[in-house]
Amino acid sequence: MAIYKERAIVLSGFRLGEADRVVVLLTPGHGKVRAVAKGIRKTKSRFGARLEPLVHVDLLLHSGKNLGTVTGAEIVEPFREVREDLDRLTIASSMAEAADRLAQEHEPSPMLYKLLLAALRELELRPPGRVMLAGYLMRLLEVAGFAMALGPCIGCGADGPHTRIGIADGGSLCRVCGGQACLVEPGTMALLEVLSSAKMARANELAVPQANAAEATGVALRFVEYHLDRRLKSVNLSSVMPREASLVQT
């Protein structure tokens with residue numbers, strides 16, 4: 001087995017046997033990696049809390065056919081404020097789950113890794129703003145190659161601004177083309193355009209009306225889940241789902 005060093009964000013983990021744990025890691029050079037931390041659940045484990053979810057670590061790993069093995073771990077950033085504050089932890093867990101679902105095993109993911117790391121660092125500095133999750137998801141879609149088209153209507157090319165978004169279509173639609181698309185407020189569409197290019201810190205600092213923040217988050221979540229073809233377990237969409245547009249008479 002090859003031995004290699006890698007920096008990683010711990011995304012999640014689950015028990016294996018009586019004392020071991022499988023940790024799911026997001027790394028810049030090896031993408032998503034699953035590795036066994038042997039004996040981590042023992043009282044005198046040498047790993048301690050170094051491999052808890054949302055911890056940034058330096059690792060020494062043995063590669064394996066199916067699962068690697070963690071042989072050394074040192075904390076780079078514990079993100080203690082994130083993990084001990086419920087609001088920050090909820091947002092961070094949603095971000096980590098989305099990254100976990102989009103990352104490919106053993107395929108380099110430097111941009112995805114940098115995006116999640118920037119989000120965790122911002123959350124460590126201050127509580128999440130209303131649109132921080134939406135901003136993260138918009139950038140995540142871009143990194144994954146699924147960026148929303150928010151300019152002219154993607155159906156007919158008509159100039160905007162538009163107030164309908166087609167989840168399966170991939171972006172904004174005019175009234176004629178988007179009869180059954182998601183209908184959003186004009187302010188929400190403008191906000192989505194800002195979030196698609198805003199850096200994490202700027203997204204966290206934006207002061208926007210709650211209604212627009214909720215709609216923008218709902219749209220971003222629906223886009224992500226459409227491309228994942230599954231729901232994100234960490235997020236309750238009930239309070240942020242955009243309403244459906246009425247049928248347009250043509």
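The values are calculated or read from the model by the stated rules, or taken from the named source; none is laboratory data. Just so it is clear, the structure is predicted and the values come from calculations on it, not from any experiment. Glycine also receives a Cβ, built like all others from the backbone with ideal geometry; neighbour counts cover every protein chain displayed.
In the stretch 33-44, is there at least one residue being surrounded by 15 or more Cβ atoms within 10 Å (Cβ to Cβ), in contact (Cβ under 8 Å) with a residue 40 or more places away in the chain and either assigned to a strand (DSSP E or B) or in the same structural domain as M138 (by TED's automatic domain parsing) (or both)?
yes
Please indicate, with yes or no, whether at least one residue in the stretch 130-140 is at pLDDT 90 or above, small (G, A, S) and farther than 21 Å from L191 by Cβ.
no
Go through (1) touching a Pro at 6+ places or on another chain (Cβ under 8 Å); (2) loosely packed, with under 14 Cβ neighbours inside 10 Å; (3) in a strand (DSSP E or B) and name the single condition R7 misses.
That leaves (2) as the condition not met.
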